Amino acid sequence: MYPRTPDTYWSYRHALEFVGKRALMPPLGLLTAAAIMGDGFEYRLVDMNVEPLGEEDLGWADYVFVSAMIVQADSMVEVIARCNRAGVPVVAGGPYPTSCHEEIDGVAHFVLGEGECTIPQFRRDLLAGEPKPLYPAGERPAIDTVPVPRFDLCRMSLYDTMPLQFSRGCPFDCEFCDIVSLFGHRVRTKSADQFVREMDALYDRGFRGNVFVVDDNFIGNRRLAKALLRRIGSWQAEHGYPFSFSTEASIDLADDRELLSLLVTCGFTMVFVGLETPVEASLQSAGKHQNLRGNMVEKVRRIQNAGIEVTAGFIIGFDSDPADIATRQIAFIQELGVPTAMVGLLLALPNTRLWDRLSKEGRMRFRSGGNNTHTSELNFVPRLPQTTLLDGYRRVLKTIYTPRRYFQRALRLVMSLPRRSATPHRSAPRRISWSQARAFHRSLTRQGSSSYAFWYWQFLVRAVAVRPRQIVTAVTLAVRGHHFFVITDRLRRPSRSEVTPAESVS
């Protein structure tokens, strides 16, 4: 059972409408948990992002396994309450319960940490009729024996992208990030054979399209990442390049030309990078040292020039931020030419160095809800006045997601991409899929007559004129922009609980 994710910049919900999808990705953690639990049980997956939780589902179930991130806490509480009323015991795990299980009521069994260790313990005790109330997070296991996720449990047609995982852990130690507390510094990886088996599982079930490698830093171990990419490249060539990949990585990706080349050859088209801020003092104090080694704008351009879109995260609220941080962030984002700029307020998450430091300084105010793009206050006492940061943050979003500014960045990205792709199957003219054709038609009819139609047509005409082979990329960027415009319009009118696309910008 996967709780609802709030409708935010990250959800892409209003862009997914164009391609007829209900959610971005299925919950890989629960699909993997089912595989680890193994045979001897019947399973159903209910993802509330694509379908409601029905009374019939609860009537069928002997146990409900729930996994959630902090941002899904409210929905998870509702799910637990429904299960309690139905008399179905809840088994909870995942990032949010692992960090905050003491605050969660109504759960019969907490199975915390990495499931490769704790789920087998729970299974053994369950079969013996003596499941414990708590299985605490323990060791960080090797992940080279994790079974193939149960992709058969999800309705693939409802999702835009399928998730796979190669590694866990990150070699860096950013003060605000909880990845190290969850998964450690040492990067643990699956074998290349194992990852390819998971690709086979997707392919054999008929999936073709976008695959997101969910690693928090795919290049945390470059040697093994390169070895995997060579295998992926061979597999893609043998199967006619059915997948288009994206992932997350650190900005030092730009310094390794061989790695960039391998990514492009394999069909990677997007990478998310945590750029955070143009203020060097803030990067230094946050421990984001990898972003201080060279010019970030030049590095982003290098990745774009190779043929990979950079999407990026940005943060406002560091102790070292100057009073004009909003103005600096706007200029920085526009110069980068990063259309998808996920800007958030700094949040102190449990089990991070930032949380510990602010607690010692007496500056913590409350535990964060995990949604740093739709919050009205910081959960700690900042150095700058909170009103300065909040007003500046809203000004950043309302500026960068005006249609004119967004499409300027989108055009800069398209012009930075190569005229001919290094990916073999992308060098020749491609047959546009039915899904892409439908999205293109919906984009033309809805966006082409919207309130921002002038900027839409100007972008589309110029993009196709300078990079005709990037037409799919251009339309994708335009559709994605629609989602951002809808969400930003809601920020302008916070008193309204719901704004549909028709009521806002289209």
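Please treat every number below as a calculation from the coordinates, not as lab data. Since we're looking at a predicted model, the values are computed, not measured. Quick reminder, even Gly has a Cβ in these numbers, built from the backbone with ideal geometry, and neighbours come from all protein chains shown.
Roughly how big is the chain's charge dipole about its Cα centre, with Cβ charges of +1 (Lys, Arg) and -1 (Asp, Glu), in debye to the nearest 20?
About 2320 debye.
Extension gain Leu134-Arg257, at 0.36 nm per residue separation less the Cα-Cα distance, in nm?
39.6 nm
Pop a pseudo-label 7 angstrom from the Cα along the beta-carbon direction at both Phe41 and Arg363 and give the gap in nm to one decimal.
So the label points at Phe41 and Arg363 sit 4.3 nm apart.
Sum up the charges of everything whose Cβ sits under 15 Å from the Cβ of Phe172, counting Lys and Arg as +1 and Asp and Glu as -1, but leave Phe172 out.
Every neighbour counted, the sum reads -3.
So how much slack lies between Cys100 and Arg419, counting 0.36 nm per residue of separation and subtracting their Cα-Cα distance, in nm?
Residue separation times 0.36 nm, minus the Cα-Cα distance, leaves 109.9 nm.
Calculate for the chain the 222 nm mean residue ellipticity that helices alone would give, adding -39,500 (n - 2.57) per DSSP H run of length 4 or more and normalising by residue count, nearest 500 deg cm²/dmol.
-12500 deg cm²/dmol
Cross-link partners among lysines for Lys190, C-alpha distance below 16 Å, same-chain residues fewer than 8 apart left out?
Once the sequence-local lysines are set aside, what remains near Lys190 is Lys226.
Which FRET efficiency value, to the nearest 0.05, do you get for Leu491 and Thr387 by plugging their Cβ-Cβ distance into 1/(1 + (r/R0)^6) with R0 = 25 Å? Mind showing how you got there, number by number?
Numbers: r = 16 Å, r/R0 = 0.65.
After rounding to 0.05, the efficiency reads 0.95.
When 1/r is averaged over all different Cα pairs and the result inverted, which Kirkwood radius in Å belongs to the chain? Present the calculation step by step, with values, prior to reporting the outcome.
On the way: mean 1/r = 0.0420 Å⁻¹.
With all distinct Cα pairs of the chain included, I get 23.8 Å.
Tell me, Met25, Met1 in order of fewest to most beta-carbon neighbours within 10 Å?
Details: Met25 19, Met1 28.
Ascending Cβ contact count within 10 Å gives the list Met25, Met1.
Taking the radius of gyration and the Kirkwood hydrodynamic radius from Cα positions alone, what is the Rg/Rh ratio for the stretch 13-135, to two decimal places? Let's see the in-between values first.
Details: Rg = 14.7 Å, Rh = 15.2 Å.
Across the stretch 13-135, the Cα-based Rg/Rh ratio is 0.97.
Within the stretch 290-311, which residues have the backbone N less than 20 Å from the label spot 7 Å out from Glu335 along Cα→beta-carbon, could you tell me?
290-305, 310-311
Modelled label-to-label distance, Asp125 and Ser234, 7 Å Cα→beta-carbon offset: nm?
4.4
Contour minus end-to-end for Ser285 and Ser449, with contour as 0.36 nm per residue of separation and end-to-end as the Cα-Cα distance? Working shown, then result.
Details: separation 164, 0.36 × 164 = 59.04 nm, distance 4.69 nm.
That works out to 54.3 nm of additional length.
I'd like the FRET efficiency for Asn305 and Val464, computed as 1/(1 + (r/R0)^6) with the beta carbon distance as r and R0 of 30 Å, rounded to 0.05.
Rounded to the nearest 0.05, the efficiency is 0.95.
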